[in-house]
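Taking it in order: structure first as structure tokens, then the write-up.
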Amino acid sequence: SAEAAPPPDAWTLFREFARVGLSGFGGVLPFIRQAVVVRNRWLDDRAFAELLGIAQVLPGPNVVNIAVMLGYRHAGLGGAASAFAGLVLMPLLLLLGLTAIYYRFADQPAVRGALQGMMAVSAGLILATGLRLAASLPRSARTLTPLVLATVAIGLFRLPLIPVVLVLVPASVAAEWWVTRRRAAVAAGPPPAPPR
């Protein structure tokens, strides 16, 4: 992967997240990945996937959590506030205007058709981002098992997200801890023999 770029300052974070916030309709996760990983190289795909994993288990919208954590990581509290403001301020103003227009023309068939088209595009963007992030995972049973279990539980059996997360996240952390501890024990070698 390309060498990481220098860390951004608060103004750069505001500007980039404002651009992201104005780019996405129905979900900006693919645009955040494009901005953070591809365009600015602040993180690689694996680090972005790790940040997304943390954002998923925290309360609040994932994209806001990512913006705040990334802003804090690179520019402290000012960076966190700048990234948050950039992500939500312009879309908020745009949303207020679009809401007024929508309620005036919501009964028009063309408006309903446009919204259905946007939903399909949004779903496709999220699926493409998920596939790219999955491709950055190491190919091992302990990384692929939670991915497959979550996909089956939510996608196939339609189980609620929160119970699935509450089961799979601790199980994944425990498995990783166990493997790390076992590797450390093997690396340390057998205990020395007692003196005779």
*With a sphere of radius 15 Å drawn around the Cβ of ARG183, what net charge do the other residues whose Cβ falls strictly inside it have (Lys, Arg +1; Asp, Glu -1)?*
+2
*Which one of ALA185, ALA80, ALA175 has the biggest mean-square fluctuation once the chain is modelled by GNM with Cα springs under 10 Å?*
ALA185
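Give me the percent of the accessible area of segment 25-134 that comes from carbon and sulfur atoms, probe 1.4 Å, all protein chains in place.
Numbers: 4450 of 6450 Å².
Carbon and sulfur together cover 69 percent of it.
If I take every Cα pair under 8 Å that is 6 or more residues apart in the chain, average their sequence separation and divide by the length, what percent do I get for the relative contact order?
Details: 159 pairs, mean separation 44.1, N = 196.
Dividing the mean separation by the residue count of the chain yields 23 percent.
Kindly report the accessible area of the chain per residue (heavy atoms of protein chains, probe 1.4 Å, no ligands, DNA or RNA), in Å².
On the way: 13130 Å² over 196 residues.
In whole numbers, the chain has 67 Å² accessible per residue.
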_Tell me the angle of helix 109-135 to the major Cα principal axis of the chain, expressed in degrees between 0 and 90 and rounded to the nearest ten._
20 degrees
*Given charges at Cβ of Lys, Arg, Asp, Glu: the chain dipole, positive-most of ALA135, ALA123, PRO61*: ALA135
*Would you mind telling me which residue in LEU87, LEU166, LEU144 has the biggest mean-square fluctuation in a Gaussian network model of the chain, where springs connect alpha carbons within a distance under 10 angstrom?*
LEU166
*Go ahead and set up a Gaussian network model of the chain, Cα springs under 10 Å, then flag whichever of ALA55, ALA81, ALA100 fluctuates most.*
ALA100
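The values are calculated or read from the model by the stated rules, or taken from the named source; none is laboratory data. Only a predicted model underlies this, so the values are computations on that prediction, with no experimental measurement involved. Ideal geometry is used to build each Cβ from the backbone, glycine not excepted, and the neighbour counts take in all protein chains shown. What goes into the accessible areas is simple: the full protein's heavy atoms, side chains included, and nothing from ligands, DNA or RNA. Shrake-Rupley method; radii C 1.70, N 1.55, O 1.52, S 1.80 Å.
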